[in-house]
Amino acid sequence: MTVRFGLLGAGRIGKVHAKAVSANPNARLVAVADAMEQAAKDIAAQYGCEVRSIAQILAATDIDAVVICTPTDTHADLIEQFAKAGKAIFCEKPIDLDVERVKACLKIVDATGGTLMVGFNRRFDPHFLAVKAVIDKGEIGTVEMVQITSRDPGAPPVDYIKRSGGIFRDMTIHDFDMARFLLGEEVDSVTAYASNLVDEAIGAAGDYDSVSIILTTASGKHATISNSRRATYGYDQRIEVHGSKGAVSAENQRPVAIEVATASGYTRPPLHDFFMTRYTQAYANEISTFIDAIESRSVPSPSGLDGLIALALADAALKSMAEQRAVKVSEVTGILADKSIFQGR
């Protein structure tokens, strides 16, 4: 079976997904839509697909699934439209910036029997998957503490910051999902610390650029997240999991894994410059997983519920910063008690 795709959004992340879909032998990119016509034409020319409107993709009989890479404030509406149209949906995070809007959207997906996968690509990185495999095999015993370092090489434009939902919902949301993935338990409380050390304009826009978060589960496990919008040495992506019998870690990756030794000392090539190259294989793996879910008619993972919980953790972090205290996740949404309404989805 070949899954026929429509791509909604031809920006930076749209280009990443166009590459992943086109490279998959079980997929075919049929059409792309974007408000910027030239951006859509560029992808169409590169991958041999058509330029269509979103309405045309919605009504198309030659498209089975869509990848939503449009601005965040369009995600929930598009998910609902395409779920009602019977098309499988892959949506970049977050589903929306408002938890209640996400809940309403997921109820429609559930009612239509739709297939929805949320783009937390780091779950599919080969190195992070290898860490998870060690945990699952019991090699380090019971997980006790997780450390996640995620630092961007530079801050995005302030105009992007203003509409992104802020660092917790835009950047840290990936790390919230990874923490849940590695801890194996739901997060009970969130304590966040944040400041502006990189760019005063980010603070003026109402956001932060340097944050540290501690997540705690009901059993007492901890996950510590370190985020910065500035890493002068490249794209910094590391995790470490400490358990009762040992520890496992994934270090930074480089485009070329060599080490040079001379009289001046030891040197290695620089890190990847950003997510487009660091997570190339992860993007390919997640599209493959999405296709498998479509073909097997199974529930994709990460699911819409995973997206909802990650957003709830971001909201808890914001509340923690505002009130300078640890915040119970249940204070923010009560989402963990709502899981039953999404059973089977």
Query raised in the report: Can you find a residue in the range 133-140 that is charged (D, E, K, R), modelled with pLDDT of 95 or more and in contact with a strand residue (DSSP E or B) (Cβ under 9 Å, 6 or more places away or on another chain)?
Result: yes
Query raised in the report: Which pairs do you get when a residue that is more than 18 Å from SER219 (Cβ to Cβ), found in the range 131-156, comes within reach of a residue that is crowded, with 17+ Cβ neighbours inside 10 Å and among the aromatic types (Phe, Trp, Tyr), reach meaning Cβ atoms under 6 angstrom, with the pair 6+ apart or on two chains?
Result: PRO153/TYR235
Query raised in the report: So, of the residues in the range 11-32 that are small (Gly, Ala, Ser) and under 20 Å from VAL118 (Cβ atoms), which turns out to be surrounded by the fewest Cβ atoms within 10 Å (Cβ to Cβ)?
Result: GLY11
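Residues that are surrounded by 16 or more Cβ atoms within 10 Å (Cβ to Cβ): list the helices (runs of 4 or more DSSP H) wholly contained in the range 171-279 that include at least 3 such residues.
The qualifying helices (runs of 4 or more DSSP H) are 172-183.
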Report summary line: Within the range 109-155, residues over 18 Å from GLY246 (Cβ atoms), charged (D, E, K, R) and assigned to a helix (DSSP H, G or I) come out as ASP110, ARG122, ARG123
Query raised in the report: Among the residues of the range 122-137 satisfying the criterion of being surrounded by 20 or more Cβ atoms within 10 Å (Cβ to Cβ) and of a type in the set (A, V, I, L, M), which is farthest from the chain's Cα centre (by Cα)?
Result: ILE135
Report summary line: Note: among ALA322, ALA293, just one is farther than 27 Å from PRO153 by Cβ, free of Cβ contacts under 8 Å to residues at least 12 places away in the same chain and assigned to a helix (DSSP H, G or I), namely ALA322
**Report entry** Condition broken by ASP236, with the remaining ones in (1) among the acidic types (Asp, Glu); (2) touching a helix residue (DSSP H, G or I) at 6+ places or on another chain (Cβ under 9 Å); (3) within 23 Å of ALA317 (Cα to Cα) satisfied
**Finding:** (2)
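The values are calculated or read from the model by the stated rules, or taken from the named source; none is laboratory data. It should be emphasised that the depicted structure is a prediction, and the values quoted were computed from it without experimental measurement. Neighbour counts run over all protein chains shown; Cβ positions are idealised from the backbone, glycine included.
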